[in-house]
Amino acid sequence: MFDFIGNCKEMQKPSISGKASLKELKRRAALLDYLCKQKGFTIPDFAEKSKVAENTIRNILNASSNTRADILAKVAKALEIDVSVFYPDSCISDVETPRRSFNSTFEGMERSVNRNLAYRIDPAINDLEEVKVDFLTHTDLSEQAIRLGIACKPPCFNEIYGVLKSGKNIFIEGDPGHGKSALAAWIQVNLDEQNIANDFFRGEDLGNNPDAFALQALISNLADATIVILDNAHLILPHCSIILRSRHAQRLQFLFFARTGALEKLLDREVSLGSYSHYILEQDYEIHISKNIARVFLPPAKANELLTFSGADLVFTKWMLASIILNKEELPASPIQLACKEMKRIKDQHGVEALQIFLALAALRWAEFPCPQEGLTTIFKFSTAALDSIIDTRLEVEKDQRYIVLKRHPKLARLFVDASQKLDRYFEWLLQPLCERLNITWNSVAELKQFDFASIMLATFALNDLISFYHIEAHLAFMKYKERTLKEGMRLSLDVARAAIEIEAGRLLVPNIKDLAIIEKRLFLTYLAVRAKRLIDGGEETRELNTIVRKKLLVGKCPSGIFASKGYVLYQQAYLEQLNNNFTKASALFRLSAKADEKWASAHEADVFHWVKANQSRNVAMKAELLYFEMQSINLDGNIPDVDIMRKFRRTNERVLSAYPDLEGQQKSTEDVFLLYDYWDDALMDKARLCGWLNDEDGLYDALKKVHNHPKMVTLYSRWAQAILAYVREEYEKVIENLEAVPAETFEERSGEVVGVQSQLLAVAYYRLGDITGFERWCYWILSDQCPKDAGNGPSKEWAKRALKIV
């Protein structure tokens, strides 16, 4: 049902013992009465179905006596629910804990405005019917829904709660809609019940905070041993990295929730604070909860029918339930059909402008960004009346002083965006009015039809500096509905970049293309698309895209003047040259990129961002020269590349690394910190590679141990560096052992970059062992499409041709 990594116990059933209080008997009676009525059971009918005597059932409904555990188990089985809903306290403690009413405060723990909650407290909710409505109409859980068993208890709750109480840090991952936030709410309700100090934070609340130390500041005043619960940690990984390496890591306990794959970046290095448990919520977990929720609200046959249509998807199941139970609608054929129906209802009740606003909010909610109010009024020119009409609890749209937020689940928000293009009048209601508001020419309107509404909206907000393109790319890289790869994430980013290009190219008011600010903006957009395309398809198609976009945006060469993104533009152009096997030109452009960023940073003293980028450019310039030198130096004689040249490369690498600790002390921006650690990791992995060539085993492992954020790439680089070390020591079996699978994995991760030089090492290792079959296999692999020439592997391909002729 779920995988866990670390020192975790096997999951056990909760202990169900002891007599229930009168209050608990009344709660159990109300719950049984509600469930029987929902499923249409009379007492005789239910007695026959459950094989429990009528008098016993009447006793439960009258709250007149305690009921044996085996009887309650039969009742639960007949209702097709988990028996634990009758024992809300059984998961809390082995010791009886005094219960409290819904509207009372905790003994010994005041609810203050300074403490955040993963669940909602609404004093107006008093009975089961109100709890039911609240549960179906809100994404976040109410305390009452948890205590009354309307919200299904997560199947792994007992195990995780027990591990948490033992003092371990816990890291939980799952795909969107797998119940992570609900699990956080369940855990906090039980912590509060036992007066265990805790506080709760959401990643989206900190995601747009420019200060990367914001979370550290928030937790600095918490008492020792407080449990810090952080939901949506994938949105603020730099914040997480900082606090797990701070002094607070030794005095606080952490419970993090994030999307699948995101927390791996923390677990390799940052968690050096003792034992921890790592859980991954799998699809079986989601299906279990979906089934339980459906069977609480519907008769078995109807519940099964709903689960078939919803695919047992937790988000869709709950949403479709609301339409059936609250709106008295027939079961829709698909979630898409229901989304179209709801959007038409919004249009009919609130107007077409309100529908446009709703979908704008949905686009940003999918990418997990709040929507700035000023963007809706100043850029899209939406009326105040339309904005006010969309602020509706039934639509789950809320606003504060700065933002308007759709509270629907991101997965559901994406469904609305996808379904919008299925509307009969999509163009008339949505795309055409949007383009008119943005003053876009009809040619570009036609081009924009190829992009989904989310890409167009994100592009518009980014073009107007309300969201940064960098943050959009970072968010989309983690949009993992299942096992989405980096390439798939970059495809989403590429769509946003290309939509932005079409919007910029199609403005009716043609800007002065000699204006440096306009040129800068358009060059930045060009290379934003180029970067994404490079990571997806390699060099050749990227160069074609570069030519097309430059022509569309009417920009030529990079201007000689200095501007903020000049270093970025030169950096991306340098990468294109490297992929085109022009290593000398690439190295020169990387150095120019470093100088451009240094000049900008010198003119703007507080701009640490550009110092960080300049440092990276210097390291990548060295790396381009190193890569070419390796491909030229690895030969069948097994000789080691010139050691003096390798030492020169390492001195450059060490100068780069020595600058980072000074930069770290100056970091404030989340973006700065993210880049700093990203680039620092790159330089450390390059150091490991150079240490391998210089037969420095201690230096190799020391460098890899310090890497922060790249578990997948660290694994590949570690095996590559160890293979180089073995090659230098003429331990060719170890070369093969470490490196055999690396080229194929690197191809998947980086579109074929550096796989040529890795494969050369393998071919030579087989040759030195006298295995000509293995040698030929790797030479032919180098000459195949798996080792693309337009990914900077040209010299390796030439080497493979020569080597095959010699042998």
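When you restrict to C-alpha pairs under 8 Å that are six or more residues apart and normalise by the size of the chain, the relative contact order lands at 9 percent.
One way to sum up the overall shape of the range 219-372 is the equivalent ellipsoid from its Cα gyration tensor, whose semi-axes run 39, 22, 13 Å, largest first.
Taking the protein heavy atoms of the range 712-807 in the context of the full set of protein chains, the accessible area attributed to carbon and sulfur is 48 percent at 1.4 Å. Here Lys422 is the anchor, and the aspartates and glutamates within straight C-alpha reach of less than 13 Å, apart from those fewer than 8 places off in the same chain, are Glu342, Asp452.
Give me the tail of P(r) for the range 672-806 as a percent: Cα-Cα pairs with distance above 26 Å. Across the range 672-806, Cα pairs with separations above 26 Å total 23 percent. Sort the range 162-232 into rounded, prolate or oblate with this rule: let a ≥ b ≥ c be the square roots of the eigenvalues of the Cα gyration tensor; rounded if a/c is under 1.5, and if a/c is not under 1.5, prolate when a/b is larger than b/c, oblate otherwise. Since a/c reaches 1.5 but b/c is at least a/b, the shape of the range 162-232 is classed as oblate.
Taking the alpha carbon gyration tensor of the range 336-421, multiplying each eigenvalue by 5 and rooting it gives semi-axes of 19, 15, 11 Å, largest first.
Note on His471: accessible area is roughly 50 Å² with a 1.4 Å probe, heavy atoms of protein only. When the surface is traced with a 1.4 Å probe over the full set of protein chains, Ile242 keeps roughly 10 Å² accessible.
Determine which lysines satisfy two conditions relative to Lys706: a Cα distance under 16 Å, and not lying fewer than 8 residues away in the same chain. Within the straight-line limit of under 16 Å, Lys706 reaches these lysines: Lys265, Lys687. Using 1/(1 + (r/R0)^6) with R0 = 41 angstrom and r between the beta carbons of Glu544 and Glu428, what's the FRET efficiency to the nearest 0.05? Efficiency, rounded to the nearest 0.05: 0.75.
Pairwise Cα separations in the chain fall into 10 Å bins from 0 onward with the following percentages, short to long: 2, 12, 20, 22, 19, 14, 8, 3, 1, 0. Histogrammed with a bin width of 10 Å, the alpha carbon distances of the range 37-85 distribute as 27, 63, 10 percent, first bin at zero. Evaluated at q = 0.18 Å⁻¹, the base-10 log of the normalised Debye intensity for the range 536-631, with identical point scatterers placed on the Cα atoms, takes the values -0.86.
Per residue, the average separation of C-alpha pairs within less than 8 Å and at least 6 apart gives the range 270-357 a relative contact order of 19 percent.
Here is how the number arises for the chain: DSSP H runs of 4 or more residues each give -39500 (n - 2.57), the sum is divided by the residue count, and the result at 222 nm is -18000 deg cm²/dmol.
Over all directions, average the projected area of the Cα convex hull of the range 144-281 and note it in nm².
Working: hull surface 31.9 nm².
If I average the Cα hull's projected area over directions, I get 8.0 nm².
Annotation: aspartates and glutamates with alpha-carbon distance below 18 angstrom to Lys49 (same-chain offsets under eight excluded): Asp33, Asp70, Glu80, Asp82. Once C-alpha pairs closer than 8 Å and six or more residues apart are averaged by separation and normalised to the residue number of the range 305-434, the relative contact order reads 27 percent. Per residue, the accessible area of the chain comes to 41 Å² when a 1.4 Å probe rolls over the protein heavy atoms.
Ile772 to Ser334: FRET efficiency via 1/(1 + (r/R0)^6), r the Cβ-Cβ distance, R0 56 Å, to the nearest 0.05?
FRET efficiency, Ile772 to Ser334: 0.45.
Think of the chain as having a plus end and a minus end, set by charges on the Cβ of Lys, Arg, Asp and Glu; of Ala588, Tyr470, His610, Tyr470 sits farthest toward the positive end of this dipole. Note on Val397: accessible area is roughly 0 Å² with a 1.4 Å probe, heavy atoms of protein only. When Arg591, Arg531 are compared by accessible area at a 1.4 angstrom probe, the order from most to least is Arg591, Arg531. Pairs with C-alpha atoms separated by more than 26 Å, drawn from the list Lys552/Lys599; Lys623/Lys789; Lys39/Lys132; Lys344/Lys407; Lys585/Lys789; Lys153/Lys487, are Lys552/Lys599; Lys153/Lys487.
Within the accessible area of the range 522-601, the carbon and sulfur atoms contribute 55%, probe 1.4 Å, all protein chains present. Within the chain, DSSP assigns beta bridges of which about 40% are antiparallel (rounded to the nearest 5).
Could you let me know the centre-to-centre spacing of the range 314-358 and the range 633-658, using Cα atoms, in angstrom? Their Cα centres are 62 Å away from one another.
The values are calculated or read from the model by the stated rules, or taken from the named source; none is laboratory data. Just so it is clear, the structure is predicted and the values come from calculations on it, not from any experiment. Backbone-built Cβ (ideal geometry, glycine too); neighbour counts: all protein chains shown. Just the protein is used for accessible areas: all its heavy atoms, side chains included, with ligands, DNA and RNA removed. Shrake-Rupley method; radii C 1.70, N 1.55, O 1.52, S 1.80 Å.
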